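Comments concern the structure below.
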Amino acid sequence: MKKIVLTTALLAGVLAHAGGFRVSLQGVKQLAMAHTSAHAEDASVTFFNPAGMSFIPSKLSVAAGGFGAKSIVTYQNSSTLQSYETNNPLGTPVYAAIAYKVLDNVSIGFNLSTPFGSTIEWPADWAGREIVQRLELKAFYFQPMISFKLAPWASVGGSYIYAKGSVNWDKAVTQPGATLNLTDDKASGSGFGVGFYFQPDEKWDISVAYRSPIDMEAKNGKVSFDISPALYPSLGLDAAGTDSFKATLPLVSEYTVGVTYKVTPKWLVSADFNYSGWDRYSQLTLDFANAPIGNQPNDPTVLVSPKNFKSTQTWRVGTQYKINDMIAARAGYYYDQSPYTDENFQAETPSFDSNIITAGLGFNLAKGFGVDVAGAIAFPKSREVKNSFNNFFGQAKAKAYYFGLGLSYNVF
């Protein structure tokens with residue numbers, strides 16, 4: 001059985017940030033402060049660090065929210081000077097979380113999130129149509145978790161991660177002059193998260209967390225060919241013009257260290273360091289059951305594309321100031337690093353070194369009930385495209401913005 005790496009297809013996103021194409025939108029309050037992690041005010045901390053549950057100031061806490069994410073990528077061919085622009089729909093990542101203290105020193109929780117997923121859509125006849133024309137991704141993380149308070153100032157926690165994903169990918173193939181649609185809605189995998197959370201005194205919060213990589217397996221993907229039926233037999237297709245493929249999807253690991261310092265009772269400052277293990281994504285391999293559209297001399301059904309990603313670092317800083325008992329103002333900044341060089345630019349996962357500015361407001365409308373809004377704007381740096389493997393040269397630019405609405409309720 002051949003093994004396929006379909007990372008690009010299932011992870012493809014549009015400037016979702018966190019170094020590459022992970023969607024770094026798992027908490028509205030956190031986004032307003034540059035998506036920093038050392039905040040244990042409510043159940044939204046569960047995605048960032050399961051150990052944070054032990055310091056939520058409530059026995060039962062719930063949180064939920066959603067985002068709008070919009071981005072546009074433009075590409076100009078250096079030879080023809082022809083330009084192309086994506087027509088991406090609005091991305092809508094969501095999250096929901098609950099945390100409950102079953103004992104004074106034991107908490108359990110559950111988090112639902114969409115850390116990977118979006119849609120990118122290039123013109124059907126654009127210069128990179130053999131790489132991608134349209135790609136839609138949906139990936140969900142389901143995380144049950146537990147946390148133990150080891151001391152009044154320290155806790156440890158862990159989570160199991162079940163990941164479920166789907167992909168719908170259109171691309172062209174010059175030989176034999178076809179367009180393909182690859183779909184799979186049953187890809188899945190599992191992983192884990194662990195973390196430590198500290199509150200050494202009333203001024204400090206310290207979060208240390210690790211989220212494992214996940215190998216998602218697409219065991220029975222379907223590829224449909226838009227081509228003359230007369231060519232079906234020569235490609236090994238069935239009567240419907242389809243073939244199958246299998247895949248293993250490596251999702252990225254993440255290390256995070258976060259700190260929050262309460263300068264005054266009204267003002268706090270937070271900072272995070274993230275390290276994302278993109279270096280495990282060295283190539284993209286598509287393995288078809290019968291169709292000989294690959295590029296391997298010993299097996300024409302295998303298509304391998306080099307990716308050569310490198311691991312990235314992200315530095316974040318955010319702040320919050322309580323204007324009064326009801327309203328908190330927030331702001332933040334972070335620098336997001338692209339995981340590949342100009343020579344490895346990927347049209348299906350366009351990524352740029354970017355400066356991101358965030359801001360938001362929090363409203364404490366009733367005892368324990370809060371409403372948060374946040375927004376962010378990215379300033380990606382333009383980059384030269386020098387991908388000789390795909391004969392893909394030119395210049396790429398992008399712009400992106402995000403907004404979110406979140407609710408939280410510390411019940412009792």
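The values are calculated or read from the model by the stated rules, or taken from the named source; none is laboratory data. In this text, all values refer to a predicted model and were calculated from it rather than measured experimentally. Note that we place each Cβ from the backbone using ideal geometry, even for glycine, and neighbour counts take in every protein chain shown. Just the protein is used for accessible areas: all its heavy atoms, side chains included, with ligands, DNA and RNA removed. Shrake-Rupley method; radii C 1.70, N 1.55, O 1.52, S 1.80 Å.
Express in nm, to one decimal, how much length is gained between residue 313 and residue 87 on full extension, taking 0.36 nm for each residue of separation and deducting their alpha carbon distance. Please report the intermediate quantities before stating the final value.
Working: separation 226, 0.36 × 226 = 81.36 nm, distance 2.93 nm.
78.4 nm is the gain from fully extending residue 313 to residue 87.
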For this session: Normalising by the residue count of the stretch 270-312, find the relative contact order in percent from Cα pairs under 8 Å and 6+ residues apart.
Result: 45 percent
For this session: DSSP loop (so not H, G, I, E, B), at most 13 other Cβ within 10 Å: list which trypsin sites (Lys or Arg not before Pro) in the stretch 346-397 pass both filters.
Result: 367, 381
For this session: Counting only C-alpha contacts under 8 Å and six or more residues apart, can you give the relative contact order of the chain as a whole percent?
Result: 20 percent
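Using the Cβ atoms and a cut-off under 12 Å, what net charge is assigned to the surroundings of residue 205, where Lys and Arg are +1 and Asp and Glu are -1? Each step should come with its number before you reach the end.
On the way: positive: 203, 262; negative: 41, 201, 202, 272.
Value of the local net charge: -2.
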For this session: Could you tally the net charge around residue 372, taking each other residue with its Cβ under 14 Å from the Cβ of residue 372, Lys/Arg +1 and Asp/Glu -1?
Result: +1
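Set the Förster radius R0 to 45 Å, insert the Cβ-Cβ distance between residue 105 and residue 384 as r into 1/(1 + (r/R0)^6), and round the FRET efficiency to 0.05.
Working: r = 55 Å, r/R0 = 1.23.
Result of the calculation: an efficiency of 0.25.
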Exercise. Build a GNM of the chain with springs between Cα atoms under 10 Å: which of 267, 122, 169 gets the top mean-square fluctuation?
Worked result: 267
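What does the charge add up to near residue 344, with Lys and Arg as +1, Asp and Glu as -1, over the other residues with Cβ less than 13 Å from its Cβ? Write down the numbers at each step before the final one.
Numbers: positive: 307, 310, 383, 386; negative: 279, 342, 343, 348, 384.
Around residue 344, the surrounding residues sum to -1.
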Exercise. What is the list of residues in the stretch 342-370 whose amide nitrogen lies under 15 Å from a point 7 angstrom out from the Cα of residue 401, following Cα to Cβ?
Worked result: 356-360
Seminar exercise, completed: GNM of the chain, Cα pairs under 10 angstrom: of 251, 31, 182, the biggest fluctuation goes to 182
Exercise. Over the stretch 291-378, what relative contact order in percent results from Cα pairs under 8 Å that are six or more residues apart?
Worked result: 22 percent
Exercise. Dipole size in debye (nearest 20) for the chain around its Cα centre, Lys and Arg Cβ +1, Asp and Glu Cβ -1?
Worked result: 760 debye
Exercise. Just from its helices, what would the mean residue ellipticity at 222 nm be for the chain, if runs of 4 or more DSSP H residues each count -39500 (n - 2.57) and the sum is divided by every residue, rounded to the nearest 500 deg cm²/dmol?
Worked result: -500 deg cm²/dmol
Seminar exercise, completed: Carbon/sulfur accessible area of the stretch 267-362, % of total, 1.4 Å probe, equals 58 percent
Problem set entry | Length gained when the stretch residue 377-residue 357 is fully extended (0.36 nm per residue, less Cα-Cα span) | 6.6 nm
For this session: With a 1.4 Å probe and every protein chain left in place, work out the accessible area per residue of the chain in Å², rounded to a whole number.
Result: 41 Å²
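If the only charges are +1 at each Lys and Arg Cβ and -1 at each Asp and Glu Cβ, what is the size of the charge dipole of the stretch 295-412 around the Cα centre, to the nearest 20 debye?
320 debye
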Exercise. Per 10 Å bin, what is the whole-percent P(r) computed from every C-alpha pair distance within the stretch 238-323?
Worked result: 14, 25, 19, 16, 12, 9, 4, 0
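A 28 angstrom limit on the alpha carbon distance is what I want to check against. Which of 59/266; 70/164; 29/186; 70/386; 186/381; 59/203 exceed it? Please list the in-between numbers first.
On the way: 59/266 24 Å; 70/164 23 Å; 29/186 32 Å; 70/386 26 Å; 186/381 36 Å; 59/203 22 Å.
Pairs exceeding 28 Å: 29/186; 186/381.
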Seminar exercise, completed: Whole-Hz Karplus couplings 3J(HN,Hα) for the stretch 297-308, θ = phi - 60° and coefficients 6.51, -1.76, 1.60, Gly and Pro as x, run x, 8, 7, x, 8, 10, 10, 10, 10, x, 10, 6
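Considering all alpha-carbon pairs of the stretch 157-245, what whole percent are spaced by more than 17 angstrom? Please report the intermediate quantities before stating the final value.
Numbers: 2530 of 3916 pairs.
When all Cα pairs of the stretch 157-245 are counted, 65 percent exceed 17 Å.
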For this session: For the stretch 235-296 and the stretch 60-117, write down the distance between their C-alpha centroids in whole Å.
Result: 14 Å
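I'm checking a number: the convex hull volume of the Cα atoms of the chain, normalised per residue, in Å³. What is it? Spell out each step's value before the answer.
Values: hull volume 52.4 nm³, N = 412.
Looking at the chain, the number lands at 127 Å³ per residue.
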